[in-house]
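Have a look at the structure below, then the notes.
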Amino acid sequence: MLEEAHLRSCDRIIDVGCGTGTLLSWAVSRSPGIKATGVDADRQALHRARRKMPPPNVVNLVVASCYRLPFADDSFDVAFCSLLLHHLDDVEKEATLAEIHRVLAPQGRLLLADYLGIDSSLAKLRFLVVRCLDGWRRTRFALYGHPAVLLRRAGFVDIRETRSWSTPLGPLRCYRATNTRLRRQSCDRAVDDRQHGGGTPCRPYRFLLPAETAQHPGPWRRFTDQ
Ligand SMILES: C[S@@+](CC[C@H](N)C(=O)[O-])C[C@H]1O[C@@H](n2cnc3c(N)ncnc32)[C@H](O)[C@@H]1O
């Protein structure tokens with residue numbers, strides 16, 4: 001994933017669902033000038049990540065949910081998201097990609113890796129272990145979902161599968177996608193509604209042009225009622 005990112009020394013990077021920070025530690029070792037941030041819901045994992053970072057320990061590690069990233073719009077140039085999606089249900093996947101799209105600067109790059117596009121019977125059999133551990137509903141996308149469609153709906157363009165490799169638990173695929181300047185209505189509200197007992201499915205998307213987003217000031221300006 002790091003190779004695909006082509007990091008420059010001035011890049012601001014974020015690893016969403018960074019876990020114990022292996023990718024971040026490699027990134028700051030290879031490109032010492034970058035400004036690195038890791039986000040994970042698990043505080044213990046971030047404690048371990050902190051110990052892993054090479055000195056000087058300048059990586060910003062934040063406990064937060066991936067579908068509610070505590071950063072302003074356009075805060076990063078490169079986002080990594082590795083082995084997180086299969087922990088999330090379909091609404092959470094969409095909300096997470098929407099958040100990543102929001103915090104990425106225009107033309108920012110997303111590098112995504114996960115169990116995706118599992119189609120052969122043998123791969124499905126291997127993937128059963130992950131399905132049992134992480135839940136049937138959350139892992140269904142790996143078999144039947146279309147990563148490019150999900151990324152496009154979040155507002156990404158230039159979507160490419162860059163690499164795939166086989167593991168004992170199933171095939172991993174890496175995608176690279178580019179942020180557009182367009183903003184879109186997020187699924188966050190659907191997640192909110194559901195958390196308050198609604199069980200609401202995602203609403204259809206509507207892309208907002210930059211001029212339109214200006215009409216919706218404040219942190220929620222990217223949301224509109226249709
Ligand atoms: C399999 S680990 C992957 C860690 C790392 N990205 C890697 O590739 O090694 C998945 C990580 O996602 C985190 N995670 C799961 N659900 C999350 C959520 N809703 N928000 C933020 N992080 C989450 C977990 O705490 C865990 O550290």
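Determine by what factor the alpha-carbon radius of gyration of region 2-199 differs from 2.2 N^0.38 Å, reporting the quotient.
Details: Rg = 16.3 Å, N = 198, 2.2 N^0.38 = 16.4 Å.
Dividing the Cα Rg of region 2-199 by 2.2 N^0.38 Å gives 0.99.
For region 2-199, what's the relative contact order in percent, using C-alpha pairs closer than 8 Å and at least 6 residues apart? Please report the intermediate quantities before stating the final value.
Numbers: 390 pairs, mean separation 38.2, N = 198.
Contact order relative to length: 19 percent.
Cβ neighbours within 10 Å, averaged per peptide: list 122-135, 90-103 in order, most packed at the top.
Values: 122-135: 14.9, 90-103: 23.4.
Ranked by mean Cβ neighbours within 10 Å, highest first: 90-103, 122-135.
Please provide three numbers in whole Å: the alpha-carbon extents of region 127-166 along the principal axes, with the largest listed first.
33, 22, 13
Take the alpha-carbon centre of region 1-77, take the same for region 117-182, and report the distance between them in whole Å.
Centre-to-centre distance over Cα atoms comes out at 22 Å.
Treating the Cα atoms of region 8-82 as identical point scatterers in vacuum, please give the log10 of the normalised Debye intensity I(q)/I(0) at q = 0.14, 0.19, 0.23 Å⁻¹, two decimals.
-0.37, -0.69, -1.01
In region 7-58, which trypsin sites (Lys or Arg not before Pro) fall in coil by DSSP and have 14 or fewer other Cβ atoms within 10 Å? Display every interim value, and only then the final one.
Values: sites: Arg8, Arg12, Arg30, Lys35, Arg43, Arg48, Arg50, Arg51, Lys52; in loops: Arg8.
Filter output for region 7-58: Arg8.
Quick one: net charge of Leu112's neighbours, Cβ under 15 Å, K/R +1, D/E -1?
-1
Grab the other residues whose beta carbon is less than 11 angstrom from that of Gly19, score K and R as +1, D and E as -1, and report the net.
Details: positive: Arg48, Lys52; negative: Asp15, Asp40, Asp42.
Once all neighbours under 11 Å are counted, the net charge is -1.
Which of the lysines could a cross-linker span from Lys52 if the Cα-Cα distance has to be under 22 Å and same-chain partners fewer than 8 positions apart are dropped?
Lys35
A short reminder: the numbers here are calculations on the coordinates, not readings from a lab. All values derive from a computational prediction rather than experimental measurement. So basically every Cβ, Gly included, is an ideal-geometry build from the backbone, and we count neighbours across all protein chains shown.
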